Amino acid sequence: MNADRRRLLQMLACTLPVPALGQGFAGLGSDADGFAIPQPDPSFRFPADHGAHPEFRIEWWYVTAILDGADGRQYGIQWTLFRSALAPEDRAGWDSPQIWFAHAGLTTPERHFVGETLARGGIGQAGVRTDPFEAWIDDWSMVSRARPGADAFSALDLRANGPDFAYTLALDAEGPLVFQGQNGFSLKSATGQASYYYAQPFYRVTGQLDLPDGPIDVTGQAWLDREWSSQPLEANQTGWDWFSLHLDGGEKLMAFRLRDDGPGYAQANWITADGENSHIGDGAVTFTPLGWTDIDGRRVPTEWRLQIPARGLDIATQPLNPHAWMGTQLAYWEGPISFSGSHSGRGYLEMTGYD
Amino acid sequence: MIWRMGLLALLSYWRRHPGQAVTLVLGLALATALWTGVQAINAEARASYDRAADALEQTTRPSLVPSAGDRVALEDYVTLRRAGWQVSPVIEGNLSAGDTRYSLIGLEPLTAPAVPRGAGTGAEGLSAFFGPPGQLLAHPDTIAALAGDTDLPPRVASPDLAPGTLVGDIGVVAGMLGMGDALSSLTVLTGQPRDDAALAELTPDLHWQPPREGTDIGGLTRSFHLNLTAFGLLSFAVGLFIVHGAVGLAFEQRRGLFRTLRALGLTARVLALLLAAEMLLVAMLAAGVGIALGYVIAAALLPDVAATLRGLYGVPVAGAIALRPEWWLSGLAIALLGTGVATAQYVWQLARSRARATAIPRAWARASEGALRRQAVLAGAILLAAPLIGLLGSGLAAGFSLLGAFLLGAALALPPALAGLLALFERRAKTPLTEWLWADCRLQLPGLSLALMALLLAVAANIGVSTMVGSFRTTFTGWLDQRLAAELYLNLGEDARAAELRPLLDATAEAVLPISAVDADLAGAPGRLYGQPDHATFRDNWPLLAAGPEVWPRLSTGEGVLINEQLAYGADVAPGDTVTVDGTALPVLGIYSDYGNPRPQAIMGLEPFLTRLPDAPRHRFALRVPPETVPEVMAELQAAGIRPDQMTDQAALKQVSLQVFERTFAVTTALNILTLSVAALAILTSLLTLAALRLPQIAPVWAIGLTRARLGALELVRAGLLALFTVILALPVGLVLAWVLLAIVNVEAFGWRLPMHLFPADWAAICTLAVLAALVAAAWPARRIATRPPAELLRRFADER
């Protein structure tokens, strides 16, 4: 069975490829044959843009949450639905070229639980519907319970499970949608690779985690990212280090750096507590690894120093659990962090390309 | 130093007697070859079964199947997945290309528990597998067979798949089979607990089907392989006699040499060790030759065996032999074992003997009346014990032990029996010459007895196995005639389609007989339940092994069921007893034979069947039409839109079955000839040995006036007579062997008993062949006697002590 599963993963790796030499992470550096390319100055339309964009190669609905348990301990969860297209269109039935897969993570200070599932498009096993909004795959779902007239993402119910865990969370937004990069056009390289990218970083969360030792009630903060593109990476880019931070003062900071054979390419957005958003371009934010963790032979930088001189930000981040490795077929590190220094707070860190 | 000299001295014997060396190595090699060849075939077949079972993991997992009909709705799959059920959709169907039928399987690679290797290889990855046009994975043999078929999606080799199976993406296969949104079944993945209540609520049309024990193809074909193995073992036993003879001769003739070596200071222990080393060398050499020969035999026979297994049991087997350690190691082991068994006695005696004693001829060619009598008693004891083994033990092991004991007893009984026979003839001889002939025969008997025992075993094995295969063939074809009584069989795939075409069928055929079947729990095991209409086609032809009164009227009114022989053996029921069908106890009205099917089966009258199972599929029919109009009717139906793969012509089906049996015969005949050759070789070696030893007996006869040519001719006559007597005695042994194979081994392995048919023409052929083989083997020694220089014969008198 294991051998067979590996075989399947190898096979999938050809479709949603993990780094192949000169291909960049997830094969996203490959040519966009027939797929639409993100253009600057987008104008988003909702609820349509909450839904899928099959003409683009890859898309995701990505939620991370930092949680406090009734038991006084800290937790973190991740819920991600990915769409990956083999062709820039959709068809009904088995002919659909759309593939859906999803990852769920649940991190405690000692353990990191991972769930993963895959589905074909076109048959109803997975998909995204906009009115009323629902994103689902198998029995995992993100369902809107927004008031009529309100944005569908203003209130969501989230559920997922893995072999030894499950969670059910209610997310209620306390601020507006935020458009990352420049008005939702997020550059990923100096040569113009980009994605469409918006977020809802202002969720309050309540809900329940089901762990092997029993259920735990939790509350906390969550952040939803929506991103789609067809070629967001340059061929020489090997992966990224991405931060979503909830500052104690109510501000939100999204910052990422794409690694390459040179200094890399960094971008950030600073969002005030009332949703005012400013873009911070390449060169204005620096990333310095401070500590590494060995995970099954990989050396992963799990402690970082993040500096944005223009905002007076200089912080050091600590993982809740340095072993928050997502051993899915697209393997990466993703887990809750806390930070201190010029500012303090908690957030999520995602690092790809260390596999 | 003395070791080296000793070994060289021993080996120099073979240099001076190259013929004996060749015989020894060849005998052992032939025996090893037969054994190895059979083992190689078995190993290859087993590997194919494992591949078939493992590659898709379908047989080892539970599945969800439709309670009625043969389709699962795609919505049911999505409903279950969305409820968190770990299931994966599967589509199964058949693909006809040329005159071959392939099994076509569609998998959904994102959820399937296993995907055969080869899928999605290449730069395009999974999208190449998904298509369009998609890919079909297949064993390299299947790909070769389908080469040039441009209508199919590109083929990709997969080492995981058994021949005859094509695997593609579910979307690709659904398109090829015209399945639309329908599925065949859902495979349940590891970790998904059985929850019938939840299943009934979510998808009331599906039910949980445990992994199918009955599709264990290894078990299904076990009997076939056991028979092959038995053949291999018998061949080896025959070979063992040769080796025993050749080794014995080599030891006897070198007694002088042994004495010299001992006198030169070699201890008995060293001499024994040297001889053991020498024999080890011989064994290794013979094993090498034998394994190579075995490979050749297996490679030559495997395509036929593969065709047999595919045709008989639908089991795909690769057509090429791989060098697997399990069979060549077993060949090596058996060669070493055989040499060891043949040598141990001599080496043991040498190691314990005093220096001078080594020179006293033990006269292995001389036997006393007492020894023969002891052998007769031993043979009788073993023959008496054999049935006891069969009575006391159970299972296949006991069946084979019985066979082994019986054959050993029969072989041991041969020399005393022949001696008695010859003595009888001697007493009745009218002329001095015939009296001398019989007496001389009897004198030769001990030297020839090993070879004759080998011949007896070879002939008995041939008669036994060919009787079994022939009985199987006769029974099976007769049964096919009965079961396939209708001229044309249709499977229209969908009930709606069937209803639409029904008026056309009624107008075309003399009788339209609907066939309906569902999976059912029969006496606690998964099986199949059929609904069968009340019609003369079945009443007149159905092969009932046992029946209660008024079978057919009672069947049609639903008073009970007919069950197959397998179910009758499994549940231990007879007509009049009851058997549970999906939990309901129903009376057994009769038992029918159902060869080639490992699973329990039951038949109910069509009307009670449909009342009980209103949703059962109704799209299969048997059509009665005048046999000569079958092609016309088929063309007519095809014009009405029925695809050729939805129709089966009974005559075509039978022809395929018969081809299968011809191929089976090809294997049997090849093995027959090989074992007979081994036995003939044994006779040759024995006679060659005797020819040298017998000069003292022949010389006086020549001296009193018999010409050398006459003596040579008499030599041939004698060999022919001994062979004839042996073959006649082998006949009953072979028939008992066949009976044990059919009535004990088959029932244990298969669950059915085959009636034994007798084939006197075959026996005559085998016996003639055996006598001819013996005559050919005797020809050379006879010629040597006929052409022996008179001076050599004369010298005998001078040498006489």
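The values are calculated or read from the model by the stated rules, or taken from the named source; none is laboratory data. All of these numbers come straight from a predicted model, not from anything done at the bench. Because the Cβ atoms are built from the backbone with ideal geometry, glycine has one as well, and the counts that use them run over all protein chains shown. Ligands, DNA and RNA are excluded from the accessible area calculation, which covers all protein heavy atoms including side chains. Shrake-Rupley method; radii C 1.70, N 1.55, O 1.52, S 1.80 Å.
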Quiz item: What is the average number of partner chain Cβ atoms found within 10 Å of a Cβ in B:76-86?
Solution: 4
Quiz item: Computed on protein heavy atoms with a 1.4 Å probe, what is the summed buried accessible area for the chain pair B and A, in Å² to the nearest 100?
Solution: 2400 Å²
Quiz prompt | Computed log₁₀ I(q)/I(0) - Debye formula, equal Cα scatterers, no solvent, region B:488-624, q 0.20, 0.21 Å⁻¹ | solution = -1.19, -1.29
Self-check item: Peptides B:289-296, B:186-193, A:132-139 ordered by average Cβ neighbours within 10 Å, highest first
Solution: B:289-296, A:132-139, B:186-193
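Take every DSSP beta bridge with both residues inside region B:61-210 and express the antiparallel ones as a percent of the total, to the nearest 5.
Numbers: 23 of 31 bridges.
If we restrict to bridges inside region B:61-210, about 75 percent are antiparallel.
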Quiz prompt | Cα-centre dipole for region B:488-624 with unit charges at Cβ (Lys and Arg positive, Asp and Glu negative), debye to 20 | solution = 220 debye
Quiz item: Any idea how far apart residue B:707 and residue B:324 come out in nm if each label point goes 7 Å out from Cα toward Cβ?
Solution: 6.0 nm
Quiz item: Under a 5 Å amide H to amide H cut-off, with H placed in plane at 1.01 Å, what residues pair with residue A:332 once short-range neighbours are removed?
Solution: A:326
Quiz item: Just how far, in whole angstrom, is region A:123-198 from region B:609-642 if you go by their alpha carbon centroids?
Solution: 55 Å
Exercise. Could you tell me the distance between the Cα centroids of region B:260-298 and region B:404-453, to the nearest Å?
Key: 32 Å
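In debye, nearest 20, what is the charge dipole magnitude of region A:83-187 about its Cα centre with +1 on Lys and Arg Cβ and -1 on Asp and Glu Cβ, if you could check?
On the way: 8 positive and 14 negative charges, 19 e Å.
In debye, rounded to 20, region A:83-187 gives about 100.
Could you sort B:32-38, B:131-137 so that the peptide with the highest average Cβ count within 10 Å comes first and the rest follow in order? Please report the intermediate quantities before stating the final value.
Values: B:32-38: 30.4, B:131-137: 20.7.
In descending order of packing, they fall as B:32-38, B:131-137.
If R0 is 25 Å, what FRET efficiency do you get for residue B:348 and residue B:281 from their C-beta distance, rounded to 0.05?
On the way: r = 19 Å, r/R0 = 0.76.
The formula returns an efficiency of 0.85 here.
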Self-check item: 9 Å beta-carbon shell around residue A:211, net charge (K/R +1, D/E -1)
Solution: -2
Exercise. Could you pull out which residues in region B:604-645 have an amide N less than 17 Å from a spot 7 Å beyond the Cα of residue B:499, following the Cα-Cβ vector?
Key: B:610-611, B:613-621
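Is the shape of region B:61-210 best called rounded, prolate or oblate, per the rule: a/c under 1.5 gives rounded, else a/b larger than b/c gives prolate, else oblate, with a ≥ b ≥ c the square roots of the Cα gyration tensor eigenvalues?
Working: a/c = 2.20, a/b = 1.85, b/c = 1.19.
Cα axes put region B:61-210 in the prolate bin.
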Quiz item: Can you give the average number of partner chain beta-carbon atoms within 10 Å of each beta-carbon in peptide A:120-126, as a whole number?
Solution: 6
Quiz item: Once you average over the residues of B:105-115, how many Cβ atoms of partner chains fall within 10 Å of each Cβ?
Solution: 5
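Between rounded, prolate and oblate, where does chain A land on the alpha carbon gyration tensor, with a ≥ b ≥ c its root eigenvalues, rounded for a/c under 1.5, else prolate if a/b exceeds b/c?
Values: a/c = 1.16, a/b = 1.08, b/c = 1.08.
It is rounded, given that a/c, with a ≥ b ≥ c, falls under 1.5.
Kindly state, to the nearest 0.05, the FRET efficiency for residue B:762 paired with residue B:697, given R0 = 41 Å and r defined as their beta-carbon distance. Please list the in-between numbers first.
Working: r = 38 Å, r/R0 = 0.93.
Efficiency, from the Cβ-Cβ distance: 0.60.
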